[in-house]
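Participant: First the structure, which I've put down as structure tokens, then a few questions once you've had a look.
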Amino acid sequence: MYNRVIMVGNLTRDVELRYTNSGMAIAKSGIATNRRYRTQSGEQKEETCFIDITLFGRAAEVANQYLRKGSKVLIEGRLIFEQWTDQSGNRRSKHSIAVDTMQMLGGRDEQPPSSTLSTPTYDSPPSPEPKGREQAPKIPEIDIDEDDIPF
């Protein structure tokens, strides 16, 4: 069976970081995604999906350091079904996502002021921001004849 979820959205709350007895980091938060659609009558509607997420290891520590409520992220992971009994003895359940990879989205203005993370994925360690004037990325030149253009 194949179980893969990819979502882009905003965090619904600040990241809660904890450590296991063995020292592994576990972070929990939530993500909200929106979907806009038109009804048969032509009315514009918006639907929001809220789902809890769990990050592990270095990704959990990076999320705790750089992400806050409202931060835009892309996550990829596995859908899991959690079941428990609440204090009243009722059986409860929910779906959540165990995150395998995370990418921070949004501009620098949306990151916390102390953030110096230049690479959006958690795989790479943060690198300092360039000093002085920033240069625009170079656009590669493409050698195309006018006869090759279809219009």
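Participant: Gain in length, residue 24 to residue 69, computed as 0.36 nm per residue apart minus the alpha-carbon separation, to one decimal in nm?
Facilitator: Working it through step by step, the gained length comes to 13.9 nm.
Participant: Would you mind telling me the antiparallel percentage of the DSSP bridges in the stretch 1-97, rounded to 5?
Facilitator: DSSP beta bridges in the stretch 1-97 are roughly 95 percent antiparallel.
Participant: If you don't mind, another one. Please work out how much length the chain gains when fully extended from residue 4 to residue 58, using 0.36 nm per residue of separation minus the C-alpha to C-alpha distance, in nm with one decimal.
Facilitator: Answer, rounded to one decimal: 17.4 nm.
Participant: Compute, for the stretch 1-97, the length of the dipole vector about the Cα centre, with Cβ point charges of +1 (Lys, Arg) and -1 (Asp, Glu) only. Units Debye, rounded to 20.
Facilitator: 120
Participant: Over the stretch 1-97, what is the relative contact order in percent, taking alpha-carbon pairs closer than 8 angstrom and at least six residues apart?
Facilitator: Dividing the mean separation by the residue count of the stretch 1-97 yields 33 percent.
Participant: A further question follows. Please compute the length gained on full extension between residue 16 and residue 81, using 0.36 nm multiplied by the number of residues separating them and subtracting their Cα-Cα distance.
Facilitator: Here the answer is 21.4 nm.
Participant: Then there is this: Using DSSP to call loops (not H, G, I, E or B), can you name the chymotrypsin sites (Phe, Trp or Tyr not before Pro) in the stretch 1-101 whose Cβ has at most 14 other Cβ atoms within 10 angstrom?
Facilitator: Passing sites in the stretch 1-101 are 2.
Participant: Could you list 22, 96, 29 so that the one with the fewest beta carbons within 10 Å of its beta carbon is first and the one with the most is last?
Facilitator: Fewest-to-most ranking of 22, 96, 29: 22, 96, 29.
Participant: Right, next: Fewest to most neighbouring Cβ within 10 Å: what's the order for 99, 8?
Facilitator: So the ranking, lowest neighbour count to highest, is 8, 99.
Participant: A follow-up question, please. What percent of all Cα-Cα pairs in the stretch 1-97 falls in each 10 Å bin, counting up from 0?
Facilitator: 14, 37, 32, 14, 3, 0
Laboratory data are not the source of any read-out in this text; all were calculated from the coordinates shown. Because the structure is a prediction, the values reported are computed rather than measured. Cβ: placed from backbone, ideal geometry, glycine included. Neighbour counts: every protein chain shown.
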